[in-house]
1. Which count do you get for residues in segment A:118-145 that are under 12 Å from A:PRO91 (Cα atoms), more than 14 Å from chain B (Cβ to nearest Cβ) and surrounded by fewer than 18 Cβ atoms within 10 Å (Cβ to Cβ)?
2. I need the full set of residues from segment A:88-102 which are under 17 Å from A:GLU39 (Cα atoms) and either facing another protein chain (nearest Cβ under 8 Å) or among the aromatic types (Phe, Trp, Tyr) (or both), in order please.
3. Out of the residues in segment B:28-41 meeting the condition of being within 7 Å of chain A (Cβ to nearest Cβ) and in a helix (DSSP H, G or I), tell me which one is nearest to A:GLY120 (Cα to Cα).
4. Just one of A:GLN127, A:GLN116, A:GLN92 is within 24 Å of the chain's Cα centre (by Cα) and in a strand (DSSP E or B); which is it?
5. Has segment A:247-270 got any residue that is in contact with a Phe, Trp or Tyr (Cβ under 6 Å, 6 or more places away or on another chain), within 27 Å of A:MET470 (Cβ to Cβ), in contact (Cβ under 8 Å) with a residue 24 or more places away in the chain and surrounded by 23 or more Cβ atoms within 10 Å (Cβ to Cβ)?
6. Go through (1) at the interface with chain A (Cβ under 8 Å from one of its Cβ atoms); (2) at pLDDT 65 or above and name the single condition B:GLU46 misses.
7. With touching a Ser or Thr at 6+ places or on another chain (Cβ under 8 Å), farther than 30 Å from B:ASP32 by Cβ and at pLDDT 80 or above as the only criterion, which of A:ASP338, A:ASP325, A:ASP260, A:ASP349 stands out?
8. Can you find a residue in segment A:415-429 that is buried (at least 19 other Cβ atoms within 10 Å of the Cβ), modelled with pLDDT of 80 or more and within 24 Å of A:GLY696 (Cβ to Cβ)?
Amino acid sequence: MEQSGCFHCGDPCDASTIIFDEKSFCCQGCKTVYEIFSENDLTCYYDLQSNPGTTPKDIQGKYDFLSQQNIIDKLVEFDDGKSQIVTLYIPQIHCSSCIWILENLNKLNTNISSPQVDFGKKTVRLQFNSETYSLKEVVILLSSIGYEPYISLADFSTGKNHVNRSLIYKLGIAGFAFGNVMFLSFPEYFEVNEFWLEQYKPLFRWLMFAFSLPVVFYAASDYFISAYKGLRAKILNIDVPIALGIVVLFLRSTVDIMFDLGSGFFDSLTGLLFFLLLGKFFQQKTYSFLSFERDYKSYFPIAITKILKNGTEQPVQVYDIEKGDRLLIRNEELIPVDGVLIKGKAKIDYSFVSGESEAVRKESGDKLFAGGKQTSGSIEMEALKSVEQSYLTQLWGNDVFNKTKEDDFTTLTNVISKRFTIVVLSIAFVSTTFWLFADSSKALNVFTSVLIIACPCAIALAAPFTLGNMLRIFGKHKFYLKNATVIEQMAAIDTIIFDKTGTITSNKQSTATYEGLSLSPSEEILLKNTLRGSNHPLSRTLYSLLNQNDIITLDQFEEHLGQGIEGVHQQDSIKIGSANFVGKTNEMALLNTSVHISSNNDYKGKYTFYNSYRKGLSQLFNKLKKHYDLAILSGDNEGELENLKKLLPVKTKMLFNQKPEDKLHYIKYHQSEGAKVMMIGDGLNDAGALAQSNVGIALSENVNVFSPACDAILDADKFNNLGNFIKLSKSAIKIVKWSFVLSFMYNVVGVYFAVTGQLAPVIAAILMPLSSISVVVFTTLATNWTSRRLR
Amino acid sequence: MSVIYILLTISIIVAVIFFIAFIFAVKSGQYDDSYTPSVRMLFEDELIKEKPKKSKLTNQE
């Protein structure tokens, strides 16, 4: 592979490169993984993909809780005393090599058998010998090769997840019956009065009847249930005319064959249901590796270390934490409950909660909020509340999390179907009345024919296929929707609200400007080299922002914790850090983060850090401002106000210092005034707002890591495409409307045959599939054509 | 001509057998993950190729 990158994970190797087996590795961990693989003849891993691995993290004592029996019971699926089966979620699974290595785990350890990866869900299911091996050892083995399983509180409550496969069964049954009925009814299409055909007609017809039974009573059950629910709620949804059509089709056909009036419409009946279910199946595209229903439970650990009165450590379930318990939070662990810091230096990363990437320092006695992640060493804290009562988790007690948005939303199809049903029923009654006087023997025939031919198969298919296809196109462009209804809701919005930190700003990079006396070249070299030695996040950022300079060896380097750094080279010295540290006392309190510099004890100036906004932000806002009300809700202070004003259109509303509840109420207020709101956020603090909004979009720098519950997840790189996505969802609605027109035309032709009493089964059998297929073809071509501008 | 009864019976039995096979396939979870098997299939060769070249491998599959 390339000289510069690590052979295992592909990260750039710096000074500390380890050369092993003529290959370079960035760290000891990667080298160890390589060693494990090569010892077990699994180096094939590297042939499948270059740099497939991920850097293994240091883990120690982190999985002690997995030796607790009650936690093991919750996690394993099957346990017969000799062997256990467990499914573990591994977010690191990202390429074909990962599948290969995980499915060869049994080569690494003989206690493991039949590991199986589900790439879509990013899980591995494996069986292990529980007499000689334990779950904890399995997890540690996986972690040591860079595939650390993610075990969260959500695993605790779900238990065994039930897969609903009924749609596939129904589709299979409908397809099976459709195919067989088609074969059996084929001879009769030609209406030849052949002797043997006449002879076996009844047998063929009763066979068709038999095949249609499971279709009507099982495959169509969803439509009956939905129609019944709709009628009870006094809504004429699309399933009402469909259910009516199915019932009439079945009864009329049965009567026809019973009294030898004709061959019945079993072919149309089974075909109709097959196409309808196919549409449903197509719309049901799910991104199994994403979850749109996450709450705090997916972020929280399942267990934490508790320190007992006598000083011993014991893993304890998070739900069992009580007020007054002493907890040990290790490096990189999440704080599960609100509490007070007792011992140790806390540096809490609240990025899960607020989207703010900079860690906050806390001293003992300070309050800690649940949801923060400790980032330097271990700390001890005392719990003040239980999990459910903590500040962050209380947000989930709000009502918005308990209702589903789809219930309040009437889809376009249902709007149409209401009028459609009324029109169809009136046509049926009018024509029946007419025939009652003209030729009463045909009246019932006409009545049923109208209901059969008007069965809105093509209308019911228009939306699933258009929106389903759009959903896939969006998915290809890294915009993942929860379901197809989101597209319709997106087309209806008029207000767009953005979160600031992490949403319109990028977490990855920031910019800094220098104010003050200009630095001489030698001072610049000294500055850069002093920063080089420091690990403080601000030093790292500033270091990467400064121009490349010669590397010199400092004579003296000192880091003053919480204040700054000091470097000496020959006669020159430099101080970098807070205002007080460099000797500037009359500094005004500023809202922005800045780093001050003094050279040889003379104050020089300061670097002020600004958030770096995402590419294309201004263009996006300028494009959106024509059609939408725009607003920014930020949990931060007003430090960026001036900057934002320069970037964004004048009428953009900006609100700062917004708490999670404030965001939720702000959206609620606008909705009560009739606005349809789209919220774009990223952190857990936006969770309430995302749930309250009509369309909540979570922006994510890496779609595999967690994002709060939402309707859609957008990859941060595609942020500037947002305008196009909204435009496309509007085009999708237009396409649906056009396919309604198309299917109405078929209906008009069909109703003509029905009203005049000439509807032969063969006409129904041609018209129904033809209308369905042409609608499907039209919607697919149209959606693909409109989305070609998405790049 | 009553042979048609036999033919019909056979054809329906065959159809039903395939239908039952389909139900079992769904039930066993074959349709739950439609991506991984397509990748897994390609690896089976790699394993066989590795085996004769290196002798360190244990003999369990």
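1. So the count comes out to 0.
2. Matches in segment A:88-102: A:TRP100 only.
3. In the first step, residues of segment B:28-41 are kept if they are within 7 Å of chain A (Cβ to nearest Cβ); the result is B:31-33, B:35-36, B:39-40.
Imposing the further condition that a residue be in a helix (DSSP H, G or I) reduces the set to B:36, B:39-40.
Values: B:THR36: 7, B:VAL39: 12, B:ARG40: 13 Å.
Per the criteria, the residue is B:THR36.
4. Details: A:GLN127 fails: within 24 Å of the chain's Cα centre (by Cα); A:GLN92 fails: in a strand (DSSP E or B).
Of A:GLN127, A:GLN116, A:GLN92, the one residue that is within 24 Å of the chain's Cα centre (by Cα) and in a strand (DSSP E or B) is A:GLN116.
5. Scanning segment A:247-270 turns up no residue that is in contact with a Phe, Trp or Tyr (Cβ under 6 Å, 6 or more places away or on another chain), within 27 Å of A:MET470 (Cβ to Cβ), in contact (Cβ under 8 Å) with a residue 24 or more places away in the chain and surrounded by 23 or more Cβ atoms within 10 Å (Cβ to Cβ).
6. (2)
7. Values: A:ASP325 fails: touching a Ser or Thr at 6+ places or on another chain (Cβ under 8 Å); A:ASP260 fails: touching a Ser or Thr at 6+ places or on another chain (Cβ under 8 Å); A:ASP349 fails: at pLDDT 80 or above.
Going through A:ASP338, A:ASP325, A:ASP260, A:ASP349 in turn, just one is touching a Ser or Thr at 6+ places or on another chain (Cβ under 8 Å), farther than 30 Å from B:ASP32 by Cβ and at pLDDT 80 or above: A:ASP338.
8. Among the residues of segment A:415-429, not one is buried (at least 19 other Cβ atoms within 10 Å of the Cβ), modelled with pLDDT of 80 or more and within 24 Å of A:GLY696 (Cβ to Cβ), which makes the answer no.
The values are calculated or read from the model by the stated rules, or taken from the named source; none is laboratory data. Treat the numbers as computed from the prediction; the structure is a model and nothing was measured. All Cβ positions, even for glycine, are placed from backbone atoms using ideal geometry, and neighbour counts span all protein chains on display.
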